[in-house]
């Protein structure tokens, strides 16, 4: 996870934070000040999840209540295309490498239970190493 964060955001914490805030502001069409103080890893996680096709409900319990509340105010703005555009512009990633897995039933033995399958970024940008985005 740490190596992926450095590959996407860089090792300059201030710049990584500004980039994550700017990307979420572009994606949501909200003021960047709305996202100040939110962990940049959470902002990137949310953005890449939307870019991979997740919905707000899919990531609801993976983000803080504060970010969920902000995103819930304007749910009509949360389009996959907008997330892809913001990820390309701000993080310079090839979003063709984004993969999403759907939520659905998982079978263990003879029982059936619903378990979310995790979204992942299939390849670290600029590298041949394939790495999971979220564990």
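The values are calculated or read from the model by the stated rules, or taken from the named source; none is laboratory data. Here the structure is a predicted model, which is why all the values come from computation and not from measurement. Here the Cβ positions follow ideal geometry from the backbone for every residue, glycine too, while neighbour counts run over all protein chains shown.
Details
Matching residues to (1) modelled with pLDDT under 95; (2) assigned to a helix (DSSP H, G or I); (3) in contact with a strand residue (DSSP E or B) (Cβ under 6 Å, 6 or more places away or on another chain); (4) more than 12 Å from residue 21 (Cβ to Cβ):
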position	(1), (2), (3), (4)
42	yes, yes, no, no
47	yes, yes, no, no
54	yes, no, no, yes
58	yes, yes, no, yes
68	no, yes, no, yes
71	no, yes, no, yes
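- For the range 84-100, the tally of residues that are assigned to a helix (DSSP H, G or I) and either at pLDDT 65 or above or out of contact with any strand residue (DSSP E or B) (no Cβ under 7 Å at 6 or more places or on another chain) (or both) stands at 10.
- Residues of the range 47-65 classified as out of contact with any helix residue (DSSP H, G or I) (no Cβ under 6 Å at 6 or more places or on another chain) and under 15 Å from residue 87 (Cβ atoms), total: 3
- Hey, residue 26 without any contact (Cβ under 8 Å) to a residue 40 or more places away in the chain, in a helix (DSSP H, G or I) and either more than 10 Å from the chain's Cα centre (by Cα) or surrounded by 13 or more Cβ atoms within 10 Å (Cβ to Cβ) (or both) or not: no
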